[in-house]
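Q: Take this structure, written in structure tokens, and hold onto it; I'll ask about it next.
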Amino acid sequence: MTKNREEQKLANIKNWYLTVIVIPQLESINSFYSKLIDNLIENVDELNRIGEKDLAVLSQMQADRKDDINAFFDHLQSLIKSFDIELSKKLSHKIMDLEDCVTIILSDIYFDINSLSSTQIRRELLLNKKDIISLLYTGIDDK
């Protein structure tokens with residue numbers, strides 16, 4: 001009988017996590033990544049059009065994209081932390097990976113190290129989105 005209660009309690013926790021944290025965030029995650037991709041591609045196009053390189057322009061673009069990322073994930077991070085601190089730490093690493101990805105893409109374009117197409121940029125960011133959504137769902141399995 002105790003085992004059934006423990007299983008039911010665990011099922012309730014998983015259900016709460018899924019219905020309160022994960023599912024309501026999926027649409028906003030999709031919208032965020034779509035907007036981030038559009039903004040990043042716009043930044044890349046602008047960097048490609050600039051005749052005279054200005055490091056301040058690059059720095060501002062990188063700061064703007066990082067601000068976008070942090071502004072979006074602050075709320076989600078708080079929700080996850082209320083459920084599982086270790087999962088929140090893992091999410092932080094994925095967010096830092098996203099910040100690194102964005103800043104590297106912009107730097108590579110600025111310094112003519114690597115020129116990614118819009119499709120390649122989209123793919124890079126969508127891989128991070130997949131990792132974050134996958135991480136959110138592993139929170140269910142870990143409990």
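Q: Which entry in [x] 145; [y] 108; [z] 95 matches volume of the Cα convex hull per residue in Å³ derived from the coordinates of this structure?
A: After the calculation, the listed value that fits is [z].
Q: Can you pull out the GluC sites (Glu not before Pro) in the range 1-58 whose DSSP state is coil and whose Cβ has at most 16 other Cβ atoms within 10 Å? Intermediate values should be presented prior to the final figure.
A: Details: sites: 6, 7, 27, 42, 46, 52; in loops: 52.
The qualifying sites are 52.
Q: In square angstrom, rounded to the nearest 10, how much accessible surface does residue 26 have for a 1.4 Å probe?
A: Residue 26 has an accessible surface of roughly 40 Å² with all protein chains in place.
Q: By a straight-distance test (C-alpha under 22 Å), which lysines pair with residue 3 as possible cross-link partners, with residues fewer than eight away in the same chain excluded?
A: 14, 143
Q: Leaving out ligands and nucleic acids, and using a 1.4 Å probe, what accessible area per residue does the chain come to in Å²?
A: Values: 8500 Å² over 143 residues.
So the chain comes to 59 Å² accessible per residue, rounded to a whole number.
Q: Something else: Counting only the heavy atoms of the protein chains, how much of residue 141 is accessible to a 1.4 Å probe, in Å² to the nearest 10?
A: Approximately 110 Å² for this residue.
Q: Straight-line reach only, C-alpha to C-alpha below 22 angstrom: list the lysines that residue 53 could link to, leaving out same-chain residues fewer than 8 apart.
A: Of all the lysines, those that pass the test against residue 53 - Cα under 22 Å, at least 8 places apart if same chain - are 66.
Q: Further, regarding this structure: How large is the dipole of the chain about the Cα centre if only Lys and Arg carry +1 and Asp and Glu carry -1, each at its Cβ, rounded to the nearest 20 debye? Kindly include the intermediate steps, with their values, before the conclusion.
A: Numbers: 18 positive and 24 negative charges, 170 e Å.
About 820 debye.
Q: Sticking with this one: Mind checking the dipole of the range 47-107: about its Cα centre, +1 per Lys or Arg Cβ, -1 per Asp or Glu Cβ, Debye to the nearest 20? Don't skip to the answer; put the middle values down first.
A: Details: 8 positive and 11 negative charges, 21 e Å.
For the range 47-107, the charge dipole is close to 100 debye.
Q: List the relative contact order of the chain as a percent without decimals, with contacts defined as Cα pairs under 8 Å and 6+ residues apart. Mind dumping the intermediate values first?
A: Values: 84 pairs, mean separation 51.3, N = 143.
Taking the mean separation of contacting Cα pairs over the length of the chain, I get 36 percent.
Q: Quick one: how many Å² of residue 3 are accessible to a 1.4 Å probe, rounded to 10?
A: 140 Å²
The values are calculated or read from the model by the stated rules, or taken from the named source; none is laboratory data. Note that the structure is a prediction, hence the values are computed from the model and not measured. Here Cβ is always computed from backbone atoms with ideal geometry, including for glycine, and neighbour counts include all displayed protein chains. These area figures cover heavy atoms from the full protein model, side chains too; ligands, DNA and RNA do not enter into them. Shrake-Rupley method; radii C 1.70, N 1.55, O 1.52, S 1.80 Å.
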